[in-house]
Amino acid sequence: MGRTSIVRNMVAGLALLVGLCSVVSPAAARAEPLYFAVEVRREGRVVATPKLLGETGRTLRAERRRPGAPLPDYRLVLTPKAAGDSFLLQLDLQLPEATGHSELALLHGQERKLQLGRVPGELEVHLLLMKVDSPEFRALMQLGEDSDKGSSTSSI
């Protein structure tokens, strides 16, 4: 066997190995853009209502801080991951006087109410998750535009 045939066989074997590896390993998951509507209540009082855009596989952080304040009014961290038709979500919430953590699975368009405090009502989160590129999301955004138009003009 000549030197060129050995090199040719090695290259062919390497190409076959690379081909098999690409078939066996799953393709990199495409990030799914997501919309989150969150409402945070502390002892029944609304303390935050962020509307956020994020994507699967990337941690999303939101914080509200008054100018000059040493601590934020709230800090919210969401970590969504795709899991088939649903989304696995880690939620961490920090207020000056309370913190909470939850891990949950949500479907597109699903709304959940979470109790994060030690007792019901102490720290509560209402959460809506939607895929950005969906008819439901577009309808929700259209509702927001229509209500903005209606509040600035009078029909009477």
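Coordinate-derived values only; no laboratory data. Worth saying up front: this structure is predicted, and the values here are computed from it rather than measured. Note: ideal-geometry Cβ built from the backbone for every residue, glycine included; neighbour counts use all protein chains shown.
Starting from the 7 Å offset along Cα-to-Cβ, what nm value, one decimal, do you get for the label separation of residue 43 and residue 133?
In this crude spin-label approximation the distance works out to 4.6 nm.
Debye calculation, C-alpha points only, no solvent: report log10 I(q)/I(0) for the stretch 38-127 at q = 0.11, 0.14, 0.26 Å⁻¹, in the same order as the q values.
Debye curve over Cα of the stretch 38-127, log10 I(q)/I(0) at q = 0.11, 0.14, 0.26 Å⁻¹: -0.31, -0.49, -1.45.
Residue by residue through the stretch 75-88, which ³J(HN,Hα) values in whole Hz follow from phi under the Karplus form 6.51 cos²θ - 1.76 cosθ + 1.60 (θ = phi - 60°), with glycine and proline marked x?
Calculated HN-Hα couplings, in order: 9, 10, 10, 10, 10, x, 9, 6, 8, x, 7, 10, 10, 8 Hz.
Rounded to whole Hz and in sequence order, give me ³J(HN,Hα) for the stretch 36-53 from the Karplus expression 6.51 cos²θ - 1.76 cosθ + 1.60, θ = phi - 60°, writing x for Gly and Pro.
10, 10, 10, 10, 10, 10, 10, 6, x, 9, 6, 10, 7, 9, x, 10, 10, 10
Under 5 Å between amide hydrogens, which residues at least 5 positions from residue 55 or on another chain qualify, with H placed 1.01 Å from N in the peptide plane?
Sorted by chain and number, the residues that satisfy this are 34.
Mind listing the long-range amide H neighbours of residue 74? Cut-off is under 5 Å, sequence gap 5 or more, other chains count too, H placed in the peptide plane at 1.01 Å from N.
Excluding prolines and chain starts, which carry no amide H, the hits are 64.
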